[in-house]
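The values are calculated or read from the model by the stated rules, or taken from the named source; none is laboratory data. Note that the structure is predicted; figures quoted are calculated from it, not measured. Cβ atoms come from the backbone with ideal geometry, glycine included; neighbour counts cover every protein chain shown. For the accessible areas, the whole protein counts, side chains as well, though only heavy atoms, and no ligand, DNA or RNA atoms are used. Shrake-Rupley method; radii C 1.70, N 1.55, O 1.52, S 1.80 Å.
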There are 2 protein chains.
Amino acid sequence: MSITKLAITFGRMALCALCVCLVAADNVSSQFPAGYRLWVHVKSTLIGPQFQLFATEGGIHHIYANDKALQGLRSGQFPDGAILVYDLLETTENGGVTSEGARRRVDIMRKDSRAYSDSGGWWFGRFMGNDRQNEMLTPEHRAACFTCHQKRQKQGFVFSEFRE
Amino acid sequence: MSITKLAITFGRMALCALCVCLVAADNVSSQFPAGYRLWVHVKSTLIGPQFQLFATEGGIHHIYANDKALQGLRSGQFPDGAILVYDLLETTENGGVTSEGARRRVDIMRKDSRAYSDSGGWWFGRFMGNDRQNEMLTPEHRAACFTCHQKRQKQGFVFSEFRE
């Protein structure tokens, strides 16, 4: 192989590798629901030390819904593209006032009935703290999420209800 | 005056009265920020019994902003038409889980720099419970609101800051 051909071959390989990296990066970043802080606020709940899951769920969590998820919350039928966010924050208490603190994590449910037919059409995801790149759940975690959400089959597998 | 002319005159009077009623009703109902539950959620705070204003402020309150108010929260300059809502709900506690209860009241700040130049351009309003018709603040109440909000002149007279 001539040096010219070798250079072209290496060049093509490098380009392919770059393409793979860019596609992978896009897949990862697109999992995080960018802009969810501007979505509709469904409801909030404060979890204190008495609750059995305080270690992992302690703090205040807000539920946010994109337009399609709001449609689902109102109709019970969640269309593909619906996304719900569970935004968990630490809290601080001072003189009876409990305020929001740092973000603990962001959990996500995204509806894609074809891709996730084994879990009611829902994909479950998790980003720790303010990280928006590294989705943390394993297949076993996702299965555990769905096991619990199955209790709400009649409500489209969603626990939260929109507070008017 | 003939009976025909009398009837026409009474008819016109009745029509005028109806117009006045409709305009008045529109003014009252337009004070309530319809649809605010779909606006951006700015932040939330829980007020417990230890806080000195628990009697009136106890519960969880959420702050919502319309698009213009969000613009103001980000820039420090609130344009006319900005509206902020303080949505105060009762809470119930069970096993360490504090959940949202009934609505206590909805407070409002609406920016109109010409109409309310004496109070930094802000109008202050209040609707108790789920009532959306009867705005409850007296001029003295509104003045008291502004006295406290004056502390935040540099922030456009607004206490809340948007949690990203």
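A few remarks follow.
- Residue in the range B:91-98 that is touching a Leu at 6+ places or on another chain (Cβ under 8 Å), in a strand (DSSP E or B) and more than 9 Å from chain A (Cβ to nearest Cβ) present: no
- Cβ separations smaller than 7 Å between residues 6+ apart or across chains give the following pairs from the range B:136-164 residues that are assigned to a helix (DSSP H, G or I) to residues that are hydroxyl-bearing (S, T, Y): B:R142/B:S119; B:F146/B:S119.
- The residue list A:A65, A:A115 contains one member that is in contact (Cβ under 8 Å) with a residue 24 or more places away in the chain and of a type in the set (G, A, S), which is A:A65.
- Residue selection: B:V106 satisfies the criterion of being hydrophobic (A, V, I, L, M, F, W, C), within 12 Å of the chain's Cα centre (by Cα) and crowded, with 19+ Cβ neighbours inside 10 Å.
- Scanning the range B:40-85 for residues that are of a type in the set (V, I, T), open to solvent by less than 10 Å² (accessible area, probe 1.4 Å) and in a helix (DSSP H, G or I) yields a total of 0.
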